[in-house]
Structure formats: C-alpha cells, structure tokens
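Have a look at the structure below before the remarks.
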Amino acid sequence: MKRTLIILAAASGFATLVTLSAPADELQALSGKWVAERTDSQGRASKQVLEIKNDKFTFRVLRDGDQIALYAKGEVKAEPLGPFKTARFYNIQGGRSDSDLQPVEDDRTVIYTLGDNELTMASNFDKERSEPASVTKYTRAAAGDEAKTLVIDKIVMHATPQTAEWYLCFEATVGDATKRFNVLNKTYEKEEVTIPTELTLANVRKDQTCKFVMKLDDVAGDECTEEMDNKSTGSFTVTDSGSQAFKPEDHWRYTIYWHLK
C-alpha cells in the first residue's frame with residue numbers, strides 16, 4: 001500500500017523525481033489524429049480532436065454539428081516520469097477558433113498509455129486545477145481521413161443590405177491557401193438568390209477550419225477592395241458535407257454550402 005501511494009504521488013507531479021528525455025520514437029508513436037467522444041454533466045455531447053505532428057499539437061473541442069467550441073495549439077514533448085509515460089503540452093495558445101488565440105500561461109502534463117489505435121490520457125493530475133481530474137480514451141482516426149479537396153458549392157443570399165444590383169467578392173482560406181470567387185461585372189439582385197461558386201481548395205482535412213471574407217458593393221470593381229460597402233468575415237469547420245448560416249447584420253443573411261471530394 002505504501003509503495004502504491006509513493007507511485008501515485010510521483011504521477012501527481014512531485015518535483016523530487018527527475019525526468020529524463022524519452023526516445024524520439026515515443027513521440028512518433030503519439031503522432032497522428034486522435035478522437036474522443038464525450039458527454040458532459042448536462043448530457044451535452046462533444047468531440048475532442050487531438051492531432052500531434054512532430055513536436056507540435058492542435059486540440060479542438062467540437063459541439064453542435066462539429067462547431068468549434070475550443071481550439072488550442074502548441075508544442076508537445078514525451079517524457080518518462082518514474083514508471084509512467086507522460087506528455088507535456090507547453091507554449092500553448094487557446095481560444096474559440098484558430099483565428100482567435102491568446103497565450104495560455106499554463107503547461108499541461110498528462111499521464112498516458114498507448115495501445116492498438118487507442119490512447120488513454122489522465123488529465124489534471126499534475127497540479128490543483130479548477131477542472132476535475134479525468135481520464136479520456138481516444139481512438140486513432142481512420143486512414144480514410146486523408147487530405148481531400150474542399151468544394152464550396154454555393155452561397156444562398158437570403159437577404160442583403162444592398163437595395164439594388166450588387167457585386168460579390170468571396171475569399172476562402174484553409175491553412176496557408178486562399179482562393180477567391182469573383183465574376184467580373186456580374187451583378188446580383190433581390191433576395192433568396194443562389195450563387196454557384198464551385199470554389200475549390202486542395203489538401204483539406206475534416207475538422208480543419210475554413211475562414212472566409214465576403215464583400216458586397218454596388219460599384220463594379222470595388223467589391224474586392226477595402227472600398228466595398230459591406231464586409232462579412234466568418235469561419236466553419238470542414239465536414240464531409242454541410243452548410244452553415246450567417247447573419248452579420250440585421251438585413252444580411254446567407255448560407256454557405258460545401259463538401260469534400
């Protein structure tokens with residue numbers, strides 16, 4: 001019993017133990033995309049997605065149709081701690097999306113075990129935190145989650161702040177890639193107008209964030225400049241197929257449709 005208590009104390013982060021560098025292949029074994037399904041105390045379902053590549057990580061909590069509720073990224077290191085394997089997450093930035101991140105002045109050390117396509121992590125044991133300690137079991141994402149092409153099929157403009165004919169400029173960005181949809185001298189008018197875009201971005205994976213900028217103007221050529229009349233920015237989480245509605249202003253509503261191929 002005494003020996004068990006000593007081991008548990010080590011797992012909780014007592015500084016009397018000296019950590020040693022783990023072999024590089026231990027971090028390599030953690031590399032990949034890991035997914036966990038969770039249900040909170042109020043019965044709300046969520047998905048946790050952890051991706052590790054080399055010594056970097058991203059972490060997302062998805063709710064309500066794979067909408068991002070929390071996003072974090074930073075660096076990760078695998079370290080032995082006595083008889084345990086631990087992963088230390090540090091230099092963390094966090095926020096509600098990958099475009100809204102702030103430094104997090106708090107490293108996280110978790111104890112983990114790694115099996116066949118399963119990763120079990122014990123969190124919040126490293127020090128006293130507001131969140132309760134918990135154990136989460138992740139499953140390695142299937143190989144079918146490889147990069148594909150994101151197709152933004154169409155935009156349905158339900159209402160616009162423009163009162164007459166208008167021009168549209170739409171830019172979508174995933175990672176470092178940006179594509180633009182703009183038909184020279186093409187005018188649109190009225191409400192509930194469907195605009196086929198067929199805008200494509202290559203090398204996109206499920207659960208990545210697509211950010212976009214939409215601009216409207218009633219003067220040809222101004223719609224893609226900062227002289228535009230109306231501007232809306234937003235983002236959505238990429239899924240196999242889907243749509244998302246946006247309402248940037250009282251008299252401006254639109255829905256974006258997409259799929260992966």
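The values are calculated or read from the model by the stated rules, or taken from the named source; none is laboratory data. Note that this is a predicted model, so its numbers are computed, not measured. So basically every Cβ, Gly included, is an ideal-geometry build from the backbone, and we count neighbours across all protein chains shown. Accessible surface areas use protein heavy atoms only, side chains included; no ligands, DNA or RNA. Shrake-Rupley method; radii C 1.70, N 1.55, O 1.52, S 1.80 Å.
Evaluated against (1) modelled with pLDDT under 95; (2) within 26 Å of the chain's Cα centre (by Cα), K190 falls short on exactly one condition, (2). Filtered by the rule that a residue be open to solvent by 30 Å² or more (accessible area, probe 1.4 Å), on the phi < 0 side of the Ramachandran plot and in a strand (DSSP E or B), the stretch 76-100 gives K77, E79, P80, F84, K85, R88, Y90, Q93, R96, D100. Taken as a whole, the structure places K154 among residues that are of a type in the set (K, R), under 22 Å from L260 (Cα atoms), out of contact with any Leu (no Cβ under 8 Å at 6 or more places or on another chain) and modelled with pLDDT of 95 or more. Once the stretch 28-44 is narrowed to residues that are without any contact (Cβ under 8 Å) to a residue 24 or more places away in the chain and charged (D, E, K, R), the residue that is least open to solvent (accessible area, probe 1.4 Å) is D40.
Pairs are defined by a Cβ separation below 9 Å, a sequence spacing of at least 6 or placement on different chains, a first member in the stretch 102-114 that is in contact (Cβ under 8 Å) with a residue 24 or more places away in the chain, and a second member that is open to solvent by 70 Å² or more (accessible area, probe 1.4 Å) and not in a strand (DSSP E or B); the pairs so defined are T109/F125; T109/K127; V110/F125; I111/F125.
Residues in the stretch 236-251 that are closer than 22 Å to K148 by Cα and open to solvent by 40 Å² or more (accessible area, probe 1.4 Å): D240, S241, S243.
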